[in-house]
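Read through the structure below, which is laid out as structure tokens, and then see the notes.
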Amino acid sequence: MSFKKRTIRDIPVDGRTILVRTDFNVPFDEKGDISDDFRIRASLPTIKYLLKRGCKVVIISHLGRPDGVKNPKFSLEKPASRLARLLGRPVRFVDDVKGERVYQAVRVAPKNSVIVLENLRFYSEEEANDSNFAKEVARSSRAEYFVQDGFGAAHRAHASTAAITQFLPSVAGLLLEKEYRFLSQITENPARPFVSILGGAKVSDKIQVVEKLAQKSDGVLVGGAMANTFLANIGVSVGSSKVEDGQKQTVENILNIAKKSGGEFILPKDVAVGESTASDSRRVYSIHEIPDGELALDIGDKTIDKFCDKIKNAKTVFWNGPMGYSENSVFSHGSARIALTLASNPQIVSIIGGGDTADFAHKWAGDGKMPFSHISTGGGAGLDLIAGKKLPGIENLLD
Ligand code: ADP
Ligand code: MG
């Protein structure tokens, strides 16, 4: 489906002050350094577009869950310095999101410059979608336009995704538009055969997405703990594997939907087991021989081959959810082979979504050229979009 919202390309941005909502909600390591700056990198096209046109770019974002309290642990100062490094130019940081200091900092900033403001969630008004707060943020930034580019937060109705659009003409940034195009393509008009790969922890989190994909896909390949839940509900004994209780009805519904759609719905025929998630040996069993007391922690070798065959013949692939307990490399084979198959078949439009799956794909790909068509920056937002839900961060923009 084409993107029906206005974007920064549709407005006269030249030399103006533009307020940009990004998603700088990045992970940190034990030392307190940014461990993955993928979301900051993803914001660069919009920021560079605006800088090229002489704008003052004022950036707002949230980081973590400080719950309305100022807490240096969740400051945007480090993401601001990382942005400076990535842009190769200075970035001013102001330790508030509204008020006189913000107003003055923007006033004295030269054209063609970037200012990053402090964490929106230091104010509880942000998550409360408070109009007065949104108005103050808009006014203190002195901006003439608001650009929504924080796709990862677009499924929330917060002050910086919803209320703010009452106070400034609001359009989409380039990342938001790109996310929408890739993710809506999945359910609207995927090049076929279209294969979905689903895994991860739970099915209950993702019922609507799984139903939608069961309806639209030519093949659904299920792995990870999600597969254990399916297997356990069709009478397979899965030992002590992670299984989600109370999902019998959900599992039946999904299998029915898949059956009606005429697509294939493929569960593992073998699994790699361990006595615990920390296990350092990988033993593969048919699903009918999973030993009591053991845990299915990855898809098995025959299943991996079968999944990869299906993937190779696809034109579009959407992947959400690791195929196993991939935090332990012994049980990351399934996920790694899927990544490899996608990466070595560049003719496939490969779209990866979900927080943990995106992390896995980034780590797997390393720093080289991105071998996938698109890795979504939005976990929940991406899944909501695929499920067909309307995202406040998109709906509120100008048509
Ligand atoms: P995403 O964030 O990509 O949507 P999820 O959050 O649903 O993915 O699932 C990721 C988690 O699922 C990971 O922590 C992974 O270890 C866990 N997981 C996947 N398969 C298994 C399994 N067989 N046993 C235990 N945990 C698993
Ligand atoms: Mg997750």
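The values are calculated or read from the model by the stated rules, or taken from the named source; none is laboratory data. Keep in mind the model is a prediction, meaning the values are calculated, not measured. A quick note on method: Cβ atoms are made from the backbone with ideal geometry, for glycine too, and the neighbour counts reach across all protein chains shown. For the accessible areas, the whole protein counts, side chains as well, though only heavy atoms, and no ligand, DNA or RNA atoms are used. Shrake-Rupley method; radii C 1.70, N 1.55, O 1.52, S 1.80 Å.
A few notes on this one:
- For the chain, diffusion coefficient by Stokes-Einstein and Kirkwood Rh (Cα), 10 °C, 1.306 mPa s, µm²/s: 72 µm²/s
- When only the Cβ of Lys, Arg, Asp and Glu is charged (+1, +1, -1, -1), the dipole of segment 1-126 relative to its Cα centre reaches about 700 debye.
- Distance from the alpha carbon centroid of segment 348-399 to that of segment 221-280 works out to 24 angstrom.
- For segment 178-260, the fraction of C-alpha pairs more than 20 angstrom apart is 34%.
- Nearest-0.05 FRET efficiency for residue 157 and residue 108, computed from C-beta distance (R0 45 Å): 0.85
- Note on segment 140-220: with charges restricted to the Cβ of Lys and Arg (+1) and Asp and Glu (-1), its dipole about the Cα centre is near 140 debye.
- Accessible surface of the chain, 1.4 Å probe, proportion on carbon and sulfur as whole %: 46 percent
- Cβ crowding within 10 Å averaged over residues, with 149-158, 388-397 ranked highest first: 149-158, 388-397
- For segment 202-250, a crude dipole built from +1 on the beta carbon of Lys and Arg and -1 on the beta carbon of Asp and Glu, taken about the Cα centre, is about 40 debye to the nearest 20.
- Highest-first arrangement of 70-78, 17-25, 324-332, where packing means the average Cβ count within 10 Å: 17-25, 324-332, 70-78
- FRET E, pair residue 181, residue 286, Förster distance 41 Å, beta-carbon r, rounded to 0.05: 0.50
- With R₀ fixed at 22 Å, the C-beta to C-beta distance from residue 362 to residue 31 puts the FRET efficiency at about 0.70.
- Residue-averaged [θ]222 nm for the chain, counting only DSSP H segments that reach four residues, each worth -39500 (n - 2.57): -10500 deg cm²/dmol
- Within a straight-line Cα-Cα reach of under 27 Å, residue 48 can be paired with the following lysines, leaving aside sequence neighbours fewer than 8 residues apart in one chain: 4, 5, 56, 78, 98, 111, 135, 178, 363, 369.
- Listed peptides 355-366, 230-241, 165-176 by packing density, highest first (mean Cβ within 10 Å): 165-176, 355-366, 230-241
- Cα Rg, Dmax, segment 155-221, angstrom units: 16.0, 46
- Shown in residue order for segment 30-37 are the 3J(HN,Hα) couplings computed by the Karplus curve 6.51 cos²θ - 1.76 cosθ + 1.60 at θ = phi - 60°: 4, 7, x, 9, 4, 8, 8, 9 Hz (x for Gly and Pro).
- Extents of segment 91-233, largest first, come to 61, 31, 27 Å (Cα atoms, principal axes, whole angstrom).
- DSSP beta bridge pairing in the chain, given as percent antiparallel to the nearest 5: 20 percent
- Number of Lys pairs (Cα under 14 Å; 8 or more positions apart or on different chains) in segment 197-261: 6
- Segment 14-60 and segment 312-337: distance between their alpha carbon centers, rounded to Å: 30 Å
- Accessible area per residue in Å² at 1.4 Å probe, computed on the chain: 42 Å²
- Distance-filtered residues of segment 200-241 - backbone nitrogen under 13 Å, label point 7 angstrom along residue 313 Cα→Cβ: 218-220
- Annotation for segment 27-68: trypsin sites (Lys or Arg not before Pro) lying in DSSP loop with at most 13 further Cβ atoms inside 10 Å of their Cβ are 31.
- Scattering from segment 77-119 was approximated by placing one identical point on each alpha carbon and applying the Debye formula without solvent; log10 I(q)/I(0) at 0.19, 0.26, 0.27, 0.29 1/Å stands at -0.54, -0.91, -0.96, -1.04.
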